[in-house]
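The values are calculated or read from the model by the stated rules, or taken from the named source; none is laboratory data. Note that the structure is a prediction, hence the values are computed from the model and not measured. Neighbour counts are summed over all protein chains in view; Cβ atoms, including those assigned to glycine, are modelled from backbone coordinates with ideal geometry.
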Amino acid sequence: MSATHKVVIVMGPIGSGKTQFVNEIAKTNFSTGESLEGGHTTKVQIADTSIGDQPVEVVDTPGLDADNDTKAKETIIQYLQKLSRQKSIVGFIYMYNISERRMTGSAKKTFESFTSICGTDALSRVSIVTNMWDLVNNEDGERRERELRDADYSYFKDAINQGARLVRNDVKGSGMEILRQMLDNQPVVLGGQAQHESGGFNGGGLSVPRKCCAGIKIKFWRK
């Protein structure tokens, strides 16, 4: 009997390196912002890979934009609604560009959008992945990493306190190791197809308010 696919959702701000991260770990060739085509991811892209005998779907999602991410949210929600009960989400990855010099208000809003999508109950299955270490020197990068983890003003601190992990994608192979560690998570499964109910969407533990832009909330129940 073949192993059940496990799913890891990759999210983050526009330009944070989501698609490149997926390309590296799944050997895909999705278009990135660095290509001549330019632009950014506007649709869900599914990359199939495996670790040992375990098949894994790594899902690249539209980049979140603090000023206008309604469409991105809707696209992500629609994908999550369509996940079959045979596939289980074992983790969410949130990409962060470590070369960013400041924790801006817009970056905070983007992370809040992410947590509103995955839900606070899922934070123990979130890996916040610092990316683009080649754009900073080690001293600056390590100082920013400490601030992201420990500073009271860090918008990641609450999530980390609730079980999210802050990890690096800084050397060849580190992305695959991040993925490997997430496969050890106890799966949190979507209970079935989402349905319209009471003005919102509801399906086996998936709850999404009517207006995505007003704040998306998804709850994952254990099977």
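If you go through the stretch 156-175 one residue at a time, how many are surrounded by 15 or more Cβ atoms within 10 Å (Cβ to Cβ) and under 16 Å from the mean Cα position of the chain (by Cα)? Quick ask: steps written out before the conclusion?
First, the residues of the stretch 156-175 that are surrounded by 15 or more Cβ atoms within 10 Å (Cβ to Cβ): 156-157, 159-160, 164-170, 174-175.
Within this subset, residues satisfying the condition of being under 16 Å from the mean Cα position of the chain (by Cα) are 156, 159-160, 164-169, 175.
Number satisfying all stated conditions: 10.
Every residue in the stretch 62-105 that is of a type in the set (S, T, N, Q) and in contact with a Lys or Arg (Cβ under 7 Å, 6 or more places away or on another chain), please. First the steps, then the outcome.
Keep residues of the stretch 62-105 that are of a type in the set (S, T, N, Q), which gives 68, 70, 75, 78, 81, 84, 86, 88, 97, 99, 104.
Correct list: T75, S88.
Take the residues in the stretch 87-102 that are closer than 19 Å to A151 by Cα and charged (D, E, K, R), then tell me which one is nearest to the chain's Cα centre (by Cα).
The extreme case among them is E100.
Looking at the stretch 107-152, which of the residues that are among the charged types (D, E, K, R), surrounded by fewer than 19 Cβ atoms within 10 Å (Cβ to Cβ) and under 23 Å from V8 (Cα atoms) is modelled with the highest pLDDT?
Among them, the one singled out is R149.
Those residues that are β-branched (V, I, T), outside any loop (DSSP other than H, G, I, E, B) and either crowded, with 23+ Cβ neighbours inside 10 Å or modelled with pLDDT of 85 or more (or both), I need them from the stretch 58-84; list them, please. Talk me through it step by step, then tell me what you get.
So the first thing to find is which residues in the stretch 58-84 are β-branched (V, I, T), and the list is 58-59, 61, 70, 75-77.
Next cut, outside any loop (DSSP other than H, G, I, E, B) only: 58-59, 70, 75-77.
Those that are β-branched (V, I, T), outside any loop (DSSP other than H, G, I, E, B) and either crowded, with 23+ Cβ neighbours inside 10 Å or modelled with pLDDT of 85 or more (or both): V58, V59, T75, I76.
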